[in-house]
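Peer 1: I have a structure here, written as structure tokens, and I will follow up with some questions on it.
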């Protein structure tokens with residue numbers, strides 16, 4: 001119930017952001033110390049930084065909503081390398097922030113070291129589970145939205161070759177790869193999938209280069225789960241003729257290159273950040289690991305408003321049918337490559 005509530009609360013606050021104007025506030029409450037001063041929120045980005053139009057920007061969007069809706073004071077420190085994580089977290093704790101967000105699984109070890117030194121400060125980490133009493137961990141079932149992206153790709157490809165472009169090889173990015181492959185296999189047994197990793201989340205040039213290679217090797221759709229590298233992938237798709245697409249990730253990237261981004265696999269980090277900020281404004285900090293998937297509204301696909309006309313007949317209905325199966329628990333999407341090997345493709349005719 002807690003999982004459902006936190007994103008429902010975020011949706012309600014987001015609606016206020018949309019309709020209330022820049023001067024509106026949903027709360028003028030006290031901060032976590034019980035005083036009447038505005039709550040102080042802060043965030044440390046991963047190495048992709050702001051401007052990635054994906055993961056970090058999604059988190060910052062939620063923080064800015066909290067500024068508008070809750071009257072919060074907000075601070076963002078950008079990390080240029082992994083060595084910045086610990087000093088950035090410590091600096092924000094020393095400044096007396098009530099809630100500090102660590103954006104990205106690469107901050108796991110740094111936060112695990114910093115949190116015990118500041119027991120009166122609450123932290124939240126996205127995409128990892130840090131077992132400390134003053135840390136809220138938030139993870140997502142990225143494999144579920146990736147499966148749906150695979151369904152769309154498998155149905156849309158004309159060459160029967162699709163590709164996955166990952167950032168840093170890790171259990172997190174493996175979830176994207178496994179889910180995407182399972183979705184493609186379920187709707188198009190004739191399709192093959194190419195895989196490459198950039199080894200980075202912030203090298204735009206490598207994203208463009210690797211995407212070019214994947215297109216040249218026969219793929220006509222590339223799913224880029226690689227942070228800012230994905231901007232390079234989108235740029236490469238723009239240089240190709242009609243029929244070549246990239247699938248975006250984390251934020252709605254469809255509008256970056258209308259008609260060339262087939263869809264985006266959304267991860268609502270923004271809603272989670274806003275919901276936790278609202279909790280913090282009431283001095284209510286959820287503990288443990290909160291997990292959000294399709295059922296909880298934490299992941300999904302975009303409306304594909306720029307690319308619907310390119311989809312084959314029935315593609316959207318098929319995607320929605322698979323979504324219902326996942327939400328109902330009738331289809332469990334693999335989240336590791338080991339699970340993917342054992343996965344039996346789910347054909348809709350077999351589920352009726």
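Peer 1: Being in contact with a strand residue (DSSP E or B) (Cβ under 8 Å, 6 or more places away or on another chain) and modelled with pLDDT of 95 or more narrows it down to one residue among 191, 182, 178; which is it? Working first, answer last.
Peer 2: Values: 182 fails: in contact with a strand residue (DSSP E or B) (Cβ under 8 Å, 6 or more places away or on another chain); 178 fails: in contact with a strand residue (DSSP E or B) (Cβ under 8 Å, 6 or more places away or on another chain).
Sole residue among the options that is in contact with a strand residue (DSSP E or B) (Cβ under 8 Å, 6 or more places away or on another chain) and modelled with pLDDT of 95 or more: 191.
Peer 1: Sticking with this structure for a sec: Let me confirm something: among 200, 212, 264, 206, which residue is in a loop (DSSP other than H, G, I, E, B) and either in contact with a helix residue (DSSP H, G or I) (Cβ under 7 Å, 6 or more places away or on another chain) or in the same structural domain as residue 51 (by TED's automatic domain parsing) (or both)?
Peer 2: Numbers: 212 fails: in a loop (DSSP other than H, G, I, E, B); 264 fails: in a loop (DSSP other than H, G, I, E, B); 206 fails: in a loop (DSSP other than H, G, I, E, B).
Result of the check over 200, 212, 264, 206: 200.
Peer 1: Only one of these is surrounded by fewer than 20 Cβ atoms within 10 Å (Cβ to Cβ), modelled with pLDDT of 95 or more and more than 18 Å from residue 156 (Cα to Cα): 212, 283, 206. Name it.
Peer 2: Numbers: 283 fails: modelled with pLDDT of 95 or more; 206 fails: surrounded by fewer than 20 Cβ atoms within 10 Å (Cβ to Cβ).
On inspection, the qualifying residue turns out to be 212.
Peer 1: Looking at region 61-85, which of its residues are crowded, with 17+ Cβ neighbours inside 10 Å, part of a helix (DSSP H, G or I) and either touching a helix residue (DSSP H, G or I) at 6+ places or on another chain (Cβ under 7 Å) or touching a residue at least 60 places away in the same chain (Cβ under 8 Å) (or both)?
Peer 2: 61, 62, 63, 65, 66, 68, 69, 70, 85 - these are the residues of region 61-85 that are crowded, with 17+ Cβ neighbours inside 10 Å, part of a helix (DSSP H, G or I) and either touching a helix residue (DSSP H, G or I) at 6+ places or on another chain (Cβ under 7 Å) or touching a residue at least 60 places away in the same chain (Cβ under 8 Å) (or both).
Peer 1: Next up: Among what's in region 148-174 and is assigned to a helix (DSSP H, G or I) and within 14 Å of the chain's Cα centre (by Cα), pick the residue that is nearest to residue 124 (Cα to Cα).
Peer 2: To start, the set of residues in region 148-174 that are assigned to a helix (DSSP H, G or I) comprises 148-156, 171-174.
Retained after the next criterion (residues that are within 14 Å of the chain's Cα centre (by Cα)): 149, 172-174.
On the way: 149: 28, 172: 17, 173: 20, 174: 23 Å.
The selected residue is 172.
Peer 1: Output the number of the condition that residue 132 fails; it satisfies all remaining conditions of (1) part of a loop (DSSP other than H, G, I, E, B); (2) in contact with a helix residue (DSSP H, G or I) (Cβ under 8 Å, 6 or more places away or on another chain); (3) surrounded by 23 or more Cβ atoms within 10 Å (Cβ to Cβ).
Peer 2: Of (1) part of a loop (DSSP other than H, G, I, E, B); (2) in contact with a helix residue (DSSP H, G or I) (Cβ under 8 Å, 6 or more places away or on another chain); (3) surrounded by 23 or more Cβ atoms within 10 Å (Cβ to Cβ), only one is false for residue 132: (3).
Peer 1: What pairs come up if the first residue lies in region 305-323 and is in contact (Cβ under 8 Å) with a residue 40 or more places away in the chain, the second is part of a helix (DSSP H, G or I) and surrounded by fewer than 17 Cβ atoms within 10 Å (Cβ to Cβ), and their beta carbons are under 7 Å apart, counting only those six or more places apart or on different chains?
Peer 2: Once the first residue is in contact (Cβ under 8 Å) with a residue 40 or more places away in the chain and sits in region 305-323, its partners that are part of a helix (DSSP H, G or I) and surrounded by fewer than 17 Cβ atoms within 10 Å (Cβ to Cβ) give 318/348.
Peer 1: Sticking with this one: For the structure I just gave you, tell me whether residue 51 is at pLDDT 95 or above, part of a loop (DSSP other than H, G, I, E, B) and not assigned by TED's automatic domain parsing to the domain that holds residue 224.
Peer 2: Numbers: at pLDDT 95 or above: no; part of a loop (DSSP other than H, G, I, E, B): yes; not assigned by TED's automatic domain parsing to the domain that holds residue 224: yes.
Judged against the criteria, residue 51 is not a match.
Peer 1: Only one of (1) out of contact with any strand residue (DSSP E or B) (no Cβ under 6 Å at 6 or more places or on another chain); (2) crowded, with 24+ Cβ neighbours inside 10 Å fails for residue 295. Which number is that?
Peer 2: Failing condition for residue 295: (2).
Peer 1: Looking at region 239-256, can you tell me whether even one residue there is assigned to a strand (DSSP E or B), surrounded by fewer than 21 Cβ atoms within 10 Å (Cβ to Cβ) and touching a helix residue (DSSP H, G or I) at 6+ places or on another chain (Cβ under 6 Å)? Write out each step before concluding.
Peer 2: Taking region 239-256 first, the residues assigned to a strand (DSSP E or B) are 245-250.
Now narrow it down to the ones that are surrounded by fewer than 21 Cβ atoms within 10 Å (Cβ to Cβ): none.
Checked region 239-256: no residue is assigned to a strand (DSSP E or B), surrounded by fewer than 21 Cβ atoms within 10 Å (Cβ to Cβ) and touching a helix residue (DSSP H, G or I) at 6+ places or on another chain (Cβ under 6 Å).
The values are calculated or read from the model by the stated rules, or taken from the named source; none is laboratory data. Remember, it's a predicted structure, so these values are computed and weren't measured experimentally. Virtual Cβ from ideal backbone geometry, glycine too; neighbours counted across all protein chains shown.
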